[in-house]
Amino acid sequence: MKKSFFLPAIAIIALGILLPQFVKVSYFYFAGYIVLQFMILATAWNLLGGYVGYVNFGVGGFFVIGAYTSAVMLLFLKSNIIIAMLAAGILSGALGFGVGYLTIRLRGIFFAIATLALSIIIQMVIVNWHWLGGANGLYIFRPEPFPPFSDYLEFLFALMLFVAFLSVMLVRYIEKSWIGKCFIAIRDTEEASECMGVPTFRLKLLATTLSGFMMGVAGAPFPYYITYLEPYSAMDLLITVNSLAMPLVGGTAHWLGPVIGAILLGGAQQIVSVTISSEWNLLIIGIVLIAFVILAPEGIIGLIQRRRS
Amino acid sequence: MFELVINAIVAGILLGGFYAAITLGLSVSFGMLDVVNIAHPGFIILGGYGVWLLNTSLGLDPVLAGLILSPLFFFIGIGVYLVFYNSFEKRGADSLRGLVFFFGVLFLIEVTLILTFGVDYRLVRAFWIGKSIEVGFVGISLRLFIPFLVGVILTVVLYLFFSRTFLGMITRGVAQDSTAVRLMGANPILAKTIAFGLSIATTSIAGALLISIGPVEPGLGREFIGRVFAVTVLAGMGSISGTLIAAIILGVAESLTATLGGPAWGMAVSFGILLIVLGVKPSGLFRR
Amino acid sequence: MKTALLEAKSVSKFFGFPALLNVDIQVNQGERFGLIGPNGSGKTTFINVITGVLPTDGGVVIFDGKDITTLQCYRRARLGIARTFQIPKPFISMSIMDNLTIPLRFAAHARDSNLSIEDEAMKILRLIGIESKANAMPGDLTQIDMRKLELAKALALSPKLLLLDEVMAGLSSGEVDDLLIILRNLNEQGITMLMIEHIMRAVMSFCERIVVLNAGIKIAEGGPDEILNNKEVEKAYLGE
């Protein structure tokens, strides 16, 4: 494991540092950041949704918690971005744990409804909380860029690149480990898994917590990226639908699925949003989501695997 | 103070009738047929907009418009169920796919409404909206009373359908044992399809009531998800009469909380009740 | 000297009606034990209570001297209680061999550390007779192979007690005999067995001691001959 981790890790860091030397188009980093953000969110969603079978419809809520926690850390506690990311992840992870704990004995649909409820409540709370800026939002100024970056956005991109790499590697590791096999067993038949010695409650809680943690981390650099944070800027629905659609398009059974989905769907959206309105964007994602869940539920990876055999 | 509480209770009961109307369809689709239709509130909003169209262009009374639209919604429901059944249930796919499918439908409805109507609030006008009756110190707003009446009538109609008609009883039977139904010579799939169609047919009427009680915007659907599922679960899955009672309980609880604690807390009540019921009641809610 | 491996003392379970009422059942070490009774008499509920899938509403469950009444299901599995399901519940997304790696990981007794998990899985598949299907998916299996997979999974836990819930249902006469031979061998290697069955010839030829349940109550206990001649048992099955 070690070799297959450190070498690519260094390569990714190098990539993040070197790219700005060659690619000077600012829009590349602007759009790329979003694609990477969704890669993390899609991967986090799939950990719980694809592997364990528990659907999270409140991804936007977890993301917003991450963004606001980070904003508070950055603005009021003057902490650096890494600490902010950790704090955001911990808070979101705790939320994931809480929702999981409350719904763990119940059928999956109640977990799904609980996450929906949570995201609505979170938005309500933030809108009404003046200290967080309420509906007026918060202004966050980017710090000065430090060498080798000439623009802070380039640093944010590199940061997201590395975090996306870590997230994907983590989930890949889990998928191949006995934890991953147990997740799939739980999804297939929870009762028989329990009778075969699988600690289903603990593993489900692990999944909801880890998934929430990653979603919070994904939201943490967002305040610096967007510089004006308000409850609707995170566009809760867009985040949730994308986090569902990308793993479904790419393939939910494999760690590469969310990655492919994020690049394809995220990339397409960046191109489209320059040409069509954001509402049409939403419509297209919705149609793609339904089309894939009906016609190609195993996603692109599933289609490729079927072609092979 | 006393008068305030009584008024809140009365308003809560009337609200309960309305909540019954918006939940009955889900009691059928989720409670009886075990279909995870979280798009149900979306169809209600859709119905609301349909009623708005008929109300503003033809001047039709909202309840009447809702009734006129219900056959259309019936067929929409049949179409949705056929897609759902053939794509997921027949193949024995895990419930994740079905859930994501209905979420996609909910999402599509919302986005389509935004594209067609924009995000502004829509209202309807009717002769009974804005009037109220005074009974002693209790004020009964017709805007709430008519939906309450419709909710009660809808409950009675559905109750009779599922307990007295052949088709209704088959559907109840299917919920418990589809093999037995098949042995009786009836087609369980057909029964389920019609029942689901019925559940969506109620949403146009529910939508009419919704837009009568208050203004409607495309994103409203997600706010009602907590309420409809709270009532369905509190009622005991699939119980029509239970739905009315549970809806009234929720209505009163919400009304009292909103009056005494503030409107923001009112919405939290439904989620609170849902959590409590799920924590305490075991049947029908646990993983298979 | 018979030592009890499993003791269910005064176990009750209510679903609105009493599914089990003050049931006393003791299964001894190494025994081949049978649990029979008409449909709905509480046999599967009993297994569910013993394995921990359902909590008791009264009574105590003692396994290998330890009180496991409130112990979680997965821990009981790791202590050495394995079961098969009436309707087989395989892990449908995994191959037959992978199906066994899960219970193998949580096996009660320490595994033979010289063998990899895959080798141990193959060993069990060979024992049961489905090693040729190791890479197949559960969806491709025949009925009897599904039953055999259920058995293989249970064995992968290295159980001390094996609870068999109608594992012979729907099998042909020859298949029943095959399975009985396999079970006999396993029992001789030391695995205690509790068998729920409707196929009487299997129960009578295989089990040393039998308990009969009717409507949640124990109505008879004894060897095969005693049970066959018991009037109460006859009444329970055939009605008054």
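Read-outs throughout are calculated quantities, based only on the coordinates presented, and are distinct from any laboratory measurement. Being a predicted model, the structure only gives us computed values, none of them experimental. Don't worry about glycine lacking a Cβ; one is built from the backbone with ideal geometry, like all the others, and counts go over all protein chains shown.
When the Debye formula is applied to the Cα atoms of chain A, each taken as the same point scatterer, what base-10 log of I(q)/I(0) results at q = 0.09, 0.15 Å⁻¹? Taking Cα atoms of chain A as identical point scatterers yields -0.44, -1.25. The mean number of Cβ atoms from other chains found within 10 Å of a Cβ in peptide A:178-191 is 5, as a whole number. In loop segments of region C:1-42 as defined by DSSP, the trypsin sites (Lys or Arg not before Pro) with at most 16 further C-beta atoms inside 10 Å of their C-beta are C:K2. State the extension gain, in nm to one decimal, for the chain segment bounded by C:E234 and C:L115, taking 0.36 nm per residue of separation less the distance between their alpha-carbons. The C:E234-C:L115 span can extend by a further 37.8 nm. At a Förster radius of 25 Å, what calculated FRET efficiency corresponds to the Cβ-Cβ distance of A:I83 and A:L238, to the nearest 0.05? Approximately 0.35, to the nearest 0.05. What the Cβ-Cβ distance of A:W178 and B:E3 gives, at R0 = 56 Å and to the nearest 0.05, is a FRET efficiency of 0.30. Which of C:L151, B:L33, A:A71 sits farthest toward the positive end of the charge dipole of the protein assembly as shown, with +1 on the Cβ of Lys and Arg and -1 on the Cβ of Asp and Glu? Positive-most Cα among the choices belongs to A:A71. Under a cut-off of 16 Å between alpha-carbon atoms, report the lysines in cross-link reach of C:K133, not counting same-chain residues fewer than 8 places apart. C:K133 reaches C:K123, C:K148, C:K153. Dividing the Cα radius of gyration of region C:89-158 by its Kirkwood radius returns 0.94 for Rg/Rh. Averaging 1/r over each pair of different alpha-carbon atoms in the protein assembly as shown and inverting the result gives 29.5 Å, the Kirkwood hydrodynamic radius.
Among beta bridges identified by DSSP and lying wholly in the protein assembly as shown, the antiparallel ones come to about 60 percent. Averaged over the residues of peptide A:49-59, the number of Cβ atoms from other protein chains lying within 10 Å of each residue's Cβ is 3. Taking 18 Å as the cut-off, the amide N atoms of region A:220-255 that come nearer than this to a point 7 Å along the Cα-to-beta-carbon line of B:I114 belong to A:230-246.
Peptide C:168-175 has a mean of 0 when you count, residue by residue, the C-beta atoms of other protein chains within 10 Å of its C-beta.
Using the number of other C-beta atoms within 10 angstrom as an exposure proxy, rank C:H198, A:H130 with the fewest first.
So the residues, fewest neighbours to most, are A:H130, C:H198.
Spatial offset of region C:101-178 relative to region A:202-244 amounts to 43 Å, using the alpha carbon center of each. For chain A, the longest principal axis of the Cα atoms and the long axis of helix A:200-219 meet at an angle of about 20 degrees.
Taking every DSSP bridge with both residues inside chain C, close to 55 percent are antiparallel. Give the angle, between 0 and 90 degrees and rounded to the nearest 10, that separates the Cα long axis of helix A:152-176 from the longest principal axis of the Cα atoms of chain A. It is inclined by approximately 10 degrees. Given R0 = 30 Å, the distance between the Cβ atoms of B:F166 and B:L82 translates into a calculated FRET efficiency of 0.85.
For the residue pairs A:K181/C:K89; A:K24/A:K78; B:K192/C:K43, the alpha carbons lie more than 23 Å apart in A:K24/A:K78; B:K192/C:K43. Angle check, please: helix B:62-84 long axis (alpha carbons) against the longest principal axis of chain B (alpha carbons), in degrees 0 to 90, nearest 10. Helix B:62-84 sits at roughly 30 degrees to that axis.
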